[in-house]
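**Student:** For reference, the structure I am asking about is given below.
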Amino acid sequence: MTCNECQKLIPEYLNNQLNKKELEAFISHVRSCPVCYEELETYFIIALATRVLDESAEVSYDIKDMLEQDLDDKEKTLNKKKRRFILLLAMILLFLILDLILTFHLLGNF
Ligand SMILES: [Zn+2]
């Protein structure tokens, strides 16, 4: 499997849409290729952040229907989720910066 083929399969991998043969080839390539591994890691974190964002939206919706006495507790949960989301955003930024540094580093070598 080439890097190009591998990176095209990343979204399908994250959605569990690869068949057994594709999955085996995909994992074996990612394990031996740092470039594709990093690409997968970036997509993985973005997928994770999107999921956390969706969950936060559901929590906000629930709060509207919540009883007064539950508001305080749920607010605490929401703040925790917000902090987790901010952490994920920070991680994404870090990865983008690392990606840029790596790209510049590779370009410098050519
Ligand atoms: Zn590769």
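**Student:** Between Glu5 and Leu98, what is 0.36 nm times their sequence separation minus the Cα-Cα distance? Round to one decimal in nm.
**Tutor:** Values: separation 93, 0.36 × 93 = 33.48 nm, distance 2.32 nm.
Going from the current span to full extension adds 31.2 nm.
**Student:** Order Glu5, Glu38, most accessible first, counting only protein heavy atoms with a 1.4 angstrom probe.
**Tutor:** Glu5, Glu38
The values are calculated or read from the model by the stated rules, or taken from the named source; none is laboratory data. In this text, all values refer to a predicted model and were calculated from it rather than measured experimentally. Side chains are part of the model used for accessible areas, which takes the heavy atoms of the whole protein and leaves out ligands, DNA and RNA. Shrake-Rupley method; radii C 1.70, N 1.55, O 1.52, S 1.80 Å.
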